[in-house]
Amino acid sequence: MTYKRCLRCSALVEMLTPVCRRCGAARWGPDTSPPEKPSRSPRLLLPALGLILVAFWVRGEWQYSRLTRQHAAERSALEEQQAAEDASLAAAIQERASAAEAAHKKLLADTEFIQGKVGARARNAEWERRLAHDPALATTVFETNLLRMSRLGADPRVSAREALTEVGRLSSPPGSRVEVVPSGDQFVVRVAFKMSALASEETGAVTKHKSNESMRREVEEISARVLRDLFDSCGTRGIAKIQVSCNHAVQRGIVPSEATESERREIMSRSSMVMDKLYRMSLDAAGARAIGDWRRLPLSELLRRMSVEFDGFNALTINPSLGPTGDPKDPNTPLQF
């Protein structure tokens, strides 16, 4: 705002006022304005900001000091705990070492132990338990099955046919089909098993083999192992013959020789997949009685003695391009003898 001074009464009035409001005169002196008071805001703001910064710094230093003391106390406690655990572990190790050394010195001072008499007594005691068929010593599935088969053979309430059926089931591959049929005054044990139970990559209507010959060789070897386990478990008493039939999932379909590749795929996609026997081998009682130790008998020698009763590879076609899609799975159809 701009002011002017009246020459008569020296009053300050606004520049646009025509006459003095105090004396009514219209005589004016040179233009004058009241001095503006300087703003004190910047002078007060800077000290305030300084105080705030100092307060934050003091608070940060206090928190840092508190956290430093807290972490130092925690670290000291952890170091003490670790030292106590190390000392306890070292004491336990030393105690075990001392106990082991004392036990070793005691054994060295035992003349019967040094001479092997203690071991001989333990071995004889265990052997007597095994001869008595102590079930506590059966630690594997094979040993458990042997005990069950032994109990079946000694149970007068179980007929010979029932005993052979149960023993054949226990000694056959998982999922096998076992039948015991009369043959005169003896029995024929028939076992049909899945090839996929004993060989890899043979589940479903697929195979890892590229030719019938390679697949036949593996089937013969598997069949020989199964027959060897059966005779080793069942023995030869009351058995006229044991037959083993290897089954595999196959797709049954008639594909004309003139069919194109797409037609072949279409026909096979509509065909049914069933479990069917590929190979059947057998060994009679006369050939089995000539074998003394079944567990040490080479498979090549056993194959030489076995007879081939059925060979389905002559009608089998292996064609990887016509195989089924998706995860292979064996069909839930009866196994064939």
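If a residue counts only when it is at pLDDT 85 or above and over 30 Å from residue 144 (Cα atoms), which helices (runs of 4 or more DSSP H) contained entirely in the range 26-134 have at least 3 such residues? Before the answer, list the steps.
Details: elements: 41-109, 111-114, 117-131.
By residue number, 41-109, 111-114.
Enumerate the pairs (first residue in the range 197-223 and on the phi > 0 side of the Ramachandran plot; second residue anywhere and among the aliphatic types (A, V, I, L, M)) with beta-carbon separation below 9 Å, excluding pairs fewer than 6 apart on the same chain, so at least 6 apart or on different chains.
Hits for this filter: 204/249; 204/273.
Within the range 176-196, restricting attention to residues that are free of Cβ contacts under 8 Å to residues at least 40 places away in the same chain and of a type outside the set (Asp, Glu), which residue is nearest to residue 280 (Cα to Cα)?
Let us first name the residues in the range 176-196 that are free of Cβ contacts under 8 Å to residues at least 40 places away in the same chain, namely 178, 180-182, 185.
After this cut, where a residue has to be of a type outside the set (Asp, Glu) as well, the list is 178, 180-182.
On the way: 178: 14, 180: 16, 181: 17, 182: 19 Å.
Per the stated criteria, the residue is 178.
Every residue in the range 166-181 that is over 32 Å from the mean Cα position of the chain (by Cα) and modelled with pLDDT of 90 or more, please.
Result: 178, 179, 180, 181.
Any chance you could count how many residues in the range 230-278 are within 16 Å of residue 179 (Cα to Cα), out of contact with any Lys or Arg (no Cβ under 7 Å at 6 or more places or on another chain) and either touching a residue at least 60 places away in the same chain (Cβ under 8 Å) or not hydrophobic (A, V, I, L, M, F, W, C) (or both)?
8
Out of all the residues in the range 103-148, which are of a type in the set (Asp, Glu) and surrounded by 11 or more Cβ atoms within 10 Å (Cβ to Cβ)?
Our first condition is that a residue be of a type in the set (Asp, Glu); within the range 103-148, this holds for 110, 112, 126, 128, 134, 143.
110, 112, 126, 134, 143, listed by residue number.
Quick check, is residue 329 modelled with pLDDT of 90 or more, within 20 Å of residue 197 (Cβ to Cβ) and not aromatic (Phe, Trp, Tyr)? Explain how you work it out, then say what you get.
Values: modelled with pLDDT of 90 or more: no; within 20 Å of residue 197 (Cβ to Cβ): yes; not aromatic (Phe, Trp, Tyr): yes.
Taking the combined requirement at face value, the residue does not satisfy it.
Results for (1) buried (at least 22 other Cβ atoms within 10 Å of the Cβ); (2) under 17 Å from residue 307 (Cα atoms), shown as yes or no for each residue.
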site: 230; (1), (2): yes, yes
site: 233; (1), (2): no, no
site: 237; (1), (2): no, no
site: 243; (1), (2): yes, yes
site: 248; (1), (2): yes, no
site: 254; (1), (2): no, no
site: 257; (1), (2): no, no
site: 263; (1), (2): no, no
site: 266; (1), (2): no, no
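Only one of 197, 192, 224 is crowded, with 17+ Cβ neighbours inside 10 Å, touching a strand residue (DSSP E or B) at 6+ places or on another chain (Cβ under 6 Å) and under 19 Å from residue 277 (Cβ atoms); which? Steps first, answer last, please.
On the way: 197 fails: touching a strand residue (DSSP E or B) at 6+ places or on another chain (Cβ under 6 Å); 224 fails: touching a strand residue (DSSP E or B) at 6+ places or on another chain (Cβ under 6 Å).
When all the criteria are applied, what remains is 192.
So if I check each of 273, 306, which one is over 26 Å from residue 171 (Cβ atoms) and surrounded by 11 or more Cβ atoms within 10 Å (Cβ to Cβ)?
Numbers: 306 fails: over 26 Å from residue 171 (Cβ atoms).
Being over 26 Å from residue 171 (Cβ atoms) and surrounded by 11 or more Cβ atoms within 10 Å (Cβ to Cβ) holds for just one of 273, 306, which is 273.
The values are calculated or read from the model by the stated rules, or taken from the named source; none is laboratory data. Quick caveat: nothing in here was measured; it's all calculated off a predicted structure. As a convention, Cβ positions derive from the backbone with ideal geometry for all residues, glycine included, and neighbour counts pool all protein chains shown.
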